[in-house]
Structures are given as C-alpha cells and as structure tokens.
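Contents: one structure, followed by commentary.
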Amino acid sequence: MPTCKLTYMSETLGERIRRVRNELKMLASALAEAAGISASAIYQIETGDSKSLRPENLFPIAKKLNRNPLWLATGQGEEMIDQESEAILTAMQDVPKYERQKIVKAVLALLDKKVSNS
C-alpha cells in the first residue's frame with residue numbers, strides 16, 4: 001500500500017529544492033544559472049547524489065526559489081521569504097562567491113552563539 005507524506009518536516013535539502021522548483025515549474029537549468037552551477041549539479045543535489053550545497057550557492061538558489069535560505073538548508077523556520085531575508089538575498093547577489101562563504105559562516109556562528117546563550 002502506498003504511503004502519503006503528510007508533512008515536509010523530514011525532507012532533505014534536495015527534496016525541498018526539487019519540490020519547490022517543480023511547484024514553480026522551473027527548469028533545473030534556470031535554477032543552476034542563478035546559482036552559477038551546472039544543471040547536473042542541481043540534479044545531483046535533488047537526488048541525494050550530492051548531499052551538500054556550498055554556502056555561496058545557497059543564497060542565489062533561495063533567491064531564485066523565493067524561499068527562506070535557513071528553511072531551504074535545514075527545513076527549520078518559515079518556508080517563505082520575508083522582507084528582511086529578501087533584502088539580505090538581494091545584497092548577497094553583489095557579493096563575490098568567495099566572500100559569501102565567509103559571511104555564511106559568520107552568520108551561522110552568531111546564530112549558534114545566540115542559541116547557546118539562550
């Protein structure tokens with residue numbers, strides 16, 4: 001008997017990307033172009049053949065999918081993007097890829113510190 005997935009809580013990063021991309025009727029090539037990676041890399045992430053997504057590619061993918069990058073990466077938080085996140089994603093587009101990773105690591109460190117101090 002087939003099972004029905006009632007929630008998206010247990011989705012992987014790749015499953016979230018594929019579901020949203022399909023909901024938007026977006027080709028993998030369009031998403032790949034926005035992230036500066038190949039369509040085959042998108043497919044590898046979606047199918048689980050590649051379990052990671054470089055931080056510098058997360059923001060352009062989230063922007064193109066109009067989704068919250070934290071939700072996209074972890075499945076936590078609000079799925080849809082808010083105005084503050086939209087402003088961050090827009091600003092990140094102008095940051096060179098090699099600098100994005102530093103910014104992402106710094107933000108994650110701040111979030112971890114905030115959670116630890118709570």
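Would you please name the residue that is surrounded by the most Cβ atoms within 10 Å (Cβ to Cβ), looking only at residues in the stretch 1-44 that are modelled with pLDDT under 90, assigned to a loop (DSSP other than H, G, I, E, B) and of a type in the set (A, V, I, L, M, F, W, C)? That would be 9. Within the stretch 52-85, the set of residues being over 24 Å from residue 38 (Cα atoms), outside any loop (DSSP other than H, G, I, E, B) and among the charged types (D, E, K, R) comprises 84 only. Return yes when residue 53 is among the hydrophobic types (A, V, I, L, M, F, W, C), surrounded by 18 or more Cβ atoms within 10 Å (Cβ to Cβ) and touching a helix residue (DSSP H, G or I) at 6+ places or on another chain (Cβ under 8 Å) and no when it is not. Criteria met by residue 53. Quick check on the stretch 57-73. Is at least one of its residues at pLDDT below 90, loosely packed, with under 14 Cβ neighbours inside 10 Å and among the aromatic types (Phe, Trp, Tyr)? No: the stretch 57-73 contains no residue that is at pLDDT below 90, loosely packed, with under 14 Cβ neighbours inside 10 Å and among the aromatic types (Phe, Trp, Tyr). Just the residues that are surrounded by fewer than 11 Cβ atoms within 10 Å (Cβ to Cβ) and either acidic (Asp, Glu) or within 20 Å of residue 18 (Cα to Cα) (or both), please, taken from the stretch 83-112. Across the stretch 83-112, the qualifying residues are 84, 94, 112.
For the stretch 54-107, the tally of residues that are of a type in the set (Lys, Arg) and within 11 Å of the chain's Cα centre (by Cα) stands at 4.
The values are calculated or read from the model by the stated rules, or taken from the named source; none is laboratory data. These figures come from a predicted structure and were not determined experimentally. Counting neighbours? That spans all protein chains shown, and the Cβs are built from the backbone with ideal geometry, glycine included.
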